[in-house]
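Scroll down for the structure; my scribbles are underneath it.
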Amino acid sequence: MRRPTARLWPEHDIEALVSDAMFLESGAGGMSKDWRISTFNGVLLACYFIPSWTISAMKIWISPIRGFYDRTNIAAAMYVSDYLSLSAMGTIRLAWMLALCKVMVAAFFFVFLLLVIRAAIRNKGGADEALAFALGGGAFISMACLIAASKVGELAALRLHASESLLLIGAAILLIIDTDPAAERTSETPVTSLDEPHHGYLSSSPNS
């Protein structure tokens, strides 16, 4: 009959258990706990605006006039043709500028997605700045196209730009009022530590 052998290094088992618990808390549940509602909303908006506005800009780059009169850009095109006396080259330059602005907004959304993935891997934040730039630029462009669509009376473009403007403005408001759960946990930690009784070495000895 074999006698049970005692473990030579019990502190290694304790460290392994503590490290496993910290990994499960930070890796498995930490990502979902640290993500805010604005982060999920920003990911959904990025999944819409990156392909939509990139395709809209590519249509302008391939054929400036035809792409400028596409459904996604027709409000600005009709406003320019009705209220601004621009030449054909000026209209093309304005179309290229609109395409560049849309690509910049899509690029900021793409950077936001990369930062979110990086934060999910390393459990760090720092994607709010890219999301704020994307929401600000996108809201400005959508509101300008919304005003242009209301001026020229294009109902389909008006509905499209109104929906995009509401999505972007709502996401911006949510980003402003939403709080970071990691910051809340760090702010609550000193309060809970002050409430717990502290037992020193001298107070725990029976002879003191």
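No value in this document is a laboratory result; all are computed from the given coordinates. This structure is a prediction, so every number in the text was calculated from the model and none was measured. Cβ: placed from backbone, ideal geometry, glycine included. Neighbour counts: every protein chain shown.
Here is how the numbers come out for the structure above:
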quantity	calculated
Gain in span if fully extended, TYR83 to PHE40, counting 0.36 nm per residue against the direct Cα distance	11.5 nm
Karplus 3J(HN,Hα) series, Hz, for region 106-117 with 6.51 cos²θ - 1.76 cosθ + 1.60 (x for Gly, Pro)	5, 5, 5, 5, 5, 5, 4, 4, 5, 5, 5, 5
Extension reserve of the SER163-ASP178 stretch, reckoned as 0.36 nm per residue once the Cα distance is removed	3.2 nm
Relative exposure of ASP128, ASP82, judged by other C-beta atoms within 10 Å (fewest first)	ASP82, ASP128
Exposure proxy order (Cβ contacts within 10 Å, fewest to most) of TRP53, TRP96	TRP96, TRP53
